[in-house]
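To keep things clear, I will list the structure first and then write my remarks on it.
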Amino acid sequence: MPYRHADPVLATLMFAALVFLTGCEGASDKSADQTIRELEARARQRAPQVEVSMGYLHHHGDDWPEGDVLIEGPEGQQALLTRLLVVTSAVELHLCAPTNTLGASLYDLLLPTAHAHVPSSATRQGTPYVEDLLGPPRATRMVGGIAPPPGDYCEMHVLLTPADDDIINLTGVPTSELEGLTALVDGRWRPTEDAPWQDFRWKHQDVHLARTPLLNPKDGSTPLALNTPDDTALLLLDKTLSLADLQRTRWSANGPDFTPVLRDLPDRIELYRFDRPPSP
């Protein structure tokens, strides 16, 4: 959640008050201590505002194996996957307004030059993080919060872009190996069942944008209404991955190519709903 650092402002106000009281004869009879106490009270006053906390999780499809994640190609190729890392760089909330169309167009225009650390704003959480979609499902982690202006919010934009060096990284891969990558897949593969296994590392640098409807995660009602001062919401970004999704992998003489999987991933991003039974 957003934090307010009032100390510098308070110190400036106190200094100004002391200068005024000590430098002006005939000023109010009010003591310096009393004036400082009043300034402290004013500085600590907080205007009511909307607050949105953001986090993420993922879940797997019903066809997900209990053991090794093995995919197969049309000519007998096989790949055993050990990790599938994806970088989420920004999540932005959009009001239910006609101007969203223009905003979306401008957003698309900026995509080719986007970097992972998109600056945060009142409606954008710009803290990048990396997530292993092969890891344990439903493991929830928080990344921060925003304080958007009151209103009805209809759409959420999720940006996947190459990582930079200050990404939140809770995986076993060093951040230096993720820099400049939107996705990374590690594992072993072989061209036929009788061929020896060989290690592979597949890297991806494309930029992807997901647009998903915004709703109240507590009951599924739309839009997400944040109109009353001190309204709060907890939004968890949920990615779904099934074994059938992974079977869309392309194959070549150099091994598996997961580009089709990453291109389809935005369609499998949505807001987690607390009113539904837990997914696998």
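Report, by chain and number, residues whose modeled amide H sits under 5 Å from the one on Gly187, excluding near sequence neighbours (fewer than 5 apart, same chain).
Hits under the 5 Å cutoff: Thr82, Phe200.
Please give the FRET efficiency for Ala32 paired with Asn227, using the beta carbon to beta carbon distance and R0 = 41 Å, rounded to the nearest 0.05.
That gives a FRET efficiency of 0.45.
Tell me the label-point distance for the pair Ala97, Ser242, using the 7 Å Cα-to-Cβ offset, in nm and rounded to one decimal.
Taking the two extended label points, one gets 3.8 nm.
Which of Ala253, Ser221, Ala210 sits farthest toward the positive end of the charge dipole of segment 131-280, with +1 on the Cβ of Lys and Arg and -1 on the Cβ of Asp and Glu?
Ala253
Quick one: accessible area per residue over segment 208-254, 1.4 Å probe, rounded to a whole number of Å²?
Result: 47 Å² per residue.
Could you derive backbone 3J(HN,Hα) for segment 213-221 from the dihedral phi with the Karplus parameters 6.51, -1.76 and 1.60 (θ = phi - 60°), listing whole Hz in sequence and x where the residue is Gly or Pro?
x, 9, 8, 6, x, 6, 9, x, 6
Just how large is the dipole of segment 218-268 about the Cα centre, in debye to the nearest 20, putting +1 at every Lys and Arg Cβ and -1 at every Asp and Glu Cβ?
320
Per residue of segment 79-96, what does 6.51 cos²θ - 1.76 cosθ + 1.60 with θ = phi - 60° give for ³J(HN,Hα)? Whole Hz please, x for Gly and Pro, Karplus curve as stated.
Those phi angles translate into 9, 9, 9, 10, 7, 9, 9, 10, 9, 9, 9, 7, 10, 10, 9, 10, 5, 7 Hz.
Quick one: length gained pulling Arg201 to Leu234 fully straight, 0.36 nm per residue minus the C-alpha distance?
Taking Arg201 through Leu234 to full extension adds about 8.4 nm, to one decimal.
Hey, what's the Kirkwood Rh for segment 234-280 if you take every pair of different alpha carbons, in angstrom?
Hydrodynamic radius (Kirkwood, Cα only) of segment 234-280 equals 12.5 Å.
Apply the Karplus curve 6.51 cos²θ - 1.76 cosθ + 1.60, θ = phi - 60°, to the phi angles in segment 143-152 and return the couplings in whole Hz, x for Gly and Pro.
Once θ is set to phi - 60°, the couplings for segment 143-152 become 10, x, x, 9, 10, x, x, x, x, 9 Hz.
R0 = 30 Å: FRET efficiency of Asp219 with Arg138, Cβ-based, nearest 0.05?
Calculated transfer efficiency: 0.90.
The values are calculated or read from the model by the stated rules, or taken from the named source; none is laboratory data. Treat the numbers as computed from the prediction; the structure is a model and nothing was measured. All Cβ positions, even for glycine, are placed from backbone atoms using ideal geometry, and neighbour counts span all protein chains on display. The protein model used for the area step is the full one, side chains on, heavy atoms only, and it has no ligands, DNA or RNA in it. Shrake-Rupley method; radii C 1.70, N 1.55, O 1.52, S 1.80 Å.
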